[in-house]
1. From the list Ala143, Ala109, Ala134, pick out the single residue that is over 19 Å from Phe180 (Cβ atoms), touching a helix residue (DSSP H, G or I) at 6+ places or on another chain (Cβ under 8 Å) and of a type in the set (Gly, Ala, Ser).
2. Could you grab me the full set of residues in region 235-262 that are of a type outside the set (Lys, Arg) and closer than 15 Å to Gly353 by Cβ?
3. Run down Ile7, Ile21 and say which single residue is within 19 Å of Asp127 (Cβ to Cβ) and either part of a helix (DSSP H, G or I) or in contact (Cβ under 8 Å) with a residue 12 or more places away in the chain (or both).
4. Identify the residue in region 30-53 that is under 14 Å from Val5 (Cα atoms) and modelled with pLDDT under 90 and, among all such residues, is nearest to the chain's Cα centre (by Cα).
5. What are the residues in region 130-143 that are open to solvent by less than 100 Å² (accessible area, probe 1.4 Å), under 16 Å from Tyr393 (Cβ atoms) and not in a loop (DSSP other than H, G, I, E, B), if any?
6. Would it be correct to say that Ser116 is in contact with a helix residue (DSSP H, G or I) (Cβ under 7 Å, 6 or more places away or on another chain), among the polar types (S, T, N, Q) and open to solvent by 30 Å² or more (accessible area, probe 1.4 Å)?
7. I'd like to verify a number: residues in region 205-234 that are open to solvent by 70 Å² or more (accessible area, probe 1.4 Å) and closer than 18 Å to Asp352 by Cβ, how many?
Amino acid sequence: MREIVLINITGADRPGLTAAITGVLAEGGVNILDIGQAVIHDVLSFGLLIELPDTESGASVLQSLQTAADELGQQVRFSRVSEADYQHWVDGQGKARHIVTLLTRKVTAEQLQTVSAITAKYGLNIDQIDRLSARVPLDAPSAKGKACVEFSVRGEPADAQQMQAEFLQVAQALNVDIAFQQDSLYRRNRRLAVFDMDSTLIEAEVIDELAKAHGVGERVSEITERAMRGELDFRASFKERLALLKGLDVKVLDEIGASLRLTEGAETLFAELKRLGYKTAILSGGFTYFARQLQARLGIDYIFANELEVVDGKCTGNAIEPIVDAQRKADLLRELASKEGLSLEQTIAVGDGANDLPMLAIAGLGVAFRAKPLVKQSAKQAISTLGLDGVLYLLGVRDREGRGF
């Protein structure tokens with residue numbers, strides 16, 4: 001008679017333990033139906049679901065396993081599983097799988113409890129929990145920390161839209177980011193990443209900095225803010241702001257370019273994307289002068305931005321077509337994907353403003369980065385807590401897998 005047994009082994013981790021346990025099972029002619037192992041702070045948790053050949057020899061195998069576990073200083077527990085329960089488990093393998101990613105500066109029990117409670121509320125079962133971030137020293141400053149916990153969940157949410165809204169609400173309340181994605185082949189097989197520049201790759205809106213140098217800073221900043229919130233048409237607002245820069249001496253560009261700061265995590269992200277074989281691009285409503293500087297610094301493959309028209313060393317205030325607006329960004333993403341022989345599902349887009357929403361919507365992974373509320377609510381995913389390298393966690397990349405961490 002066939003017997004199915006779940007074996008749970010716990011104790012201090014040590015080399016050779018898995019080989020010793022499976023060696024006992026091998027001698028008994030056991031079939032392994034499922035297996036999982038995790039080590040947390042040198043404590044092992046090892047589980048096997050096995051099929052014993054028959055009751056008499058099965059009892060002997062379990063007794064031998066108990067003896068081996070005692071000799072290894074491990075605790076072992078045996079639980080019988082009915083064939084009906086096993087078949088129910090087998091039937092569940094066709095269910096949809098998703099990934100819930102928690103990004104934060106420091107993981108707390110409250111954060112984990114909240115995320116797990118929401119997943120349960122919407123009918124999702126947690127199959128596995130992994131820490132993707134590196135080990136954190138106890139004295140590490142919380143403001144500079146970087147932590148990520150990934151939940152692998154099974155099933156379809158009862159109301160995906162409402163669950164996403166609840167995740168967003170909780171994320172704001174707990175100062176965390178929570179991402180929900182389908183666990184598909186594409187998740188770790190994306191090959192093109194495109195980025196907005198201003199307030200995404202750099203910690204400034206360059207047009208605002210130019211305006212300050214020209215004495216029209218407040219007027220331009222107000223227009224920029226409204227455009228990024230989606231209250232103004234980007235193309236019209238861009239022309240209006242550019243007109244206010246008429247007469248600006250181009251020497252100012254060098255000074256502003258030298259003062260621009262990269263966003264937290266940008267260098268790490270681009271180093272890792274390059275190592276993983278990604279093509280990268282800037283798709284920006286800003287200016288090519290500054291995009292070229294970033295291209296050289298970060299090793300970016302493509303840049304598309306707006307040209308400043310200059311005559312006799314002065315900005316004319318006129319826009320040169322084609323303007324890189326919201327639709328142009330989405331079109332460029334499609335063109336680049338086609339050029340690289342990729343589907344849109346294999347692309348990543350990252351931006352902060354309303355003019356980024358069309359490209360975020362068509363990318364396989366669209367990320368609103370430190371974005372305005374409207375953009376966060378509309379984008380598939382959002383990162384506000386960590387730096388740009390937090391995008392790597394959404395791809396399932398562990399800190400220990402990268403060289404830039």
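The values are calculated or read from the model by the stated rules, or taken from the named source; none is laboratory data. Owing to the predicted nature of the structure, the values given are computational and were not obtained by experimental measurement. Every residue, glycine among them, receives a Cβ derived from its backbone with ideal geometry; neighbour counts consider all protein chains shown. Side chains included, ligands, DNA and RNA excluded: accessible areas come from the protein's heavy atoms. Shrake-Rupley method; radii C 1.70, N 1.55, O 1.52, S 1.80 Å.
1. Residue meeting the stated conditions: Ala134.
2. Selection gives Ala236, Ser237, Phe238.
3. Numbers: Ile21 fails: within 19 Å of Asp127 (Cβ to Cβ).
Only one candidate qualifies: Ile7.
4. Here the answer is Leu52.
5. The one that is open to solvent by less than 100 Å² (accessible area, probe 1.4 Å), under 16 Å from Tyr393 (Cβ atoms) and not in a loop (DSSP other than H, G, I, E, B): Asp130.
6. Working: in contact with a helix residue (DSSP H, G or I) (Cβ under 7 Å, 6 or more places away or on another chain): no; among the polar types (S, T, N, Q): yes; open to solvent by 30 Å² or more (accessible area, probe 1.4 Å): yes.
Taking the combined requirement at face value, the residue does not satisfy it.
7. Result for region 205-234: 6.
Let's see how each residue does on (1) modelled with pLDDT of 90 or more; (2) assigned to a strand (DSSP E or B); (3) open to solvent by 40 Å² or more (accessible area, probe 1.4 Å):
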residue: Leu374; (1), (2), (3): no, no, yes
residue: Ala382; (1), (2), (3): yes, yes, no
residue: Leu386; (1), (2), (3): yes, no, no
residue: Leu392; (1), (2), (3): yes, no, no
residue: Arg400; (1), (2), (3): no, no, yes
